[in-house]
1. Go through the stretch 223-243 and report how many residues are hydroxyl-bearing (Ser, Thr, Tyr) and open to solvent by 50 Å² or more (accessible area, probe 1.4 Å).
2. Please list, ordered by first then second residue, the pairs with beta carbon atoms under 6 Å, 6 or more apart or interchain, first in the stretch 167-193 and assigned to a strand (DSSP E or B), second among the polar types (S, T, N, Q).
3. What are the pairs with Cβ atoms under 6 angstrom where one residue, in the stretch 226-247, is in a helix (DSSP H, G or I) and the other, located anywhere, is of a type outside the set (A, V, I, L, M, F, W, C)? Sequence gap at least six, or different chains.
4. What's the total number of residues in the stretch 204-237 that are acidic (Asp, Glu) and either modelled with pLDDT under 95 or under 19 Å from the mean Cα position of the chain (by Cα) (or both)?
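The values are calculated or read from the model by the stated rules, or taken from the named source; none is laboratory data. Note that this is a predicted model, so its numbers are computed, not measured. Heads up, the Cβs are rebuilt from the backbone with ideal geometry, glycines too, and the neighbour counts pull from every protein chain shown. Quick note on the areas: whole protein, heavy atoms, side chains included, nothing else; ligands and nucleic acids left out. Shrake-Rupley method; radii C 1.70, N 1.55, O 1.52, S 1.80 Å.
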Amino acid sequence: MAPLRFSANVSWLFPELLGFPARLRAAGSSGFEAAEIAWPYAEPPEVLARAAQAAGLQLVLINTPPGDREKGEMGLGAVPGRQAAFREGLEQAVLYAKALGCPRIHLMAGRVPQGADRTAVRGEMETVFLENLRHAAGVLARENLVGLLEPINTRITDPQYFLDSPQQAAAVLQKVGRPNLQLQMDIFHWQIMDGNLTRNIQEFLPIVGHVQVAQVPGRGDPGSPGELNFSYLFQLLEDEGYKGFVGCEYQPQGDTVEGLSWLRSYWDRQGHPQAGQ
């Protein structure tokens, strides 16, 4: 059983530092070997690539652009009437991924349109999503990239998000049927929507391309108080043979580095060279 590999989500971690280059440096200094950025598009890709290389980091995940945030958009993949904008954003994401050497792109599904009834528009939104995903799979395959679908919980975080359970996401992936599209498992969202984590992890891990973690309900670090036993969950991922990255997408409580004691403890148990830092 290989130890897990962790990725610093610098859109969340090191909020005390301004700019992604500074956060990438901090991630490298803290012992991380990989990083992920939700939306890197405010910085030139060359600047981020240099910063990651200088920090000794591999960039492993970015998201497609969210769309018009001022109008409440949070991704466009399943949004009717926004197909052209989704494809334009996909091209931008591919450009960044290639420049950053980043192999995975989260293809954000987006929200149910304001004022619409989820049940009434579900069929239309799924049709749009399938169409966009088939297009994306072809674009990504040409560049040897993987697209990810992430369910986001609609109980707490984003009540209007279209894709909200691993079962829904897996059904969509099955309908698209493209090997370079996979599932993104954020344990925070899965616990809130469905619980039953052991069985869900065992069932869906074969199609998972990336994992993210945060404690429930406060979305703090895995060592903070909450519902989840991360020692058990990390062991489960190891036992099930997970080989991808585990993204640290949580809200630090205070100083980020001090809040990494849970990760240093994990590294210490594994004999990781950064354990004593």
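1. 2
2. ASP186/GLN212
3. Sorted first by the residue in the stretch 226-247, then by its partner, the pairs are PHE230/PRO222.
4. The number of residues fulfilling the criteria is 1.
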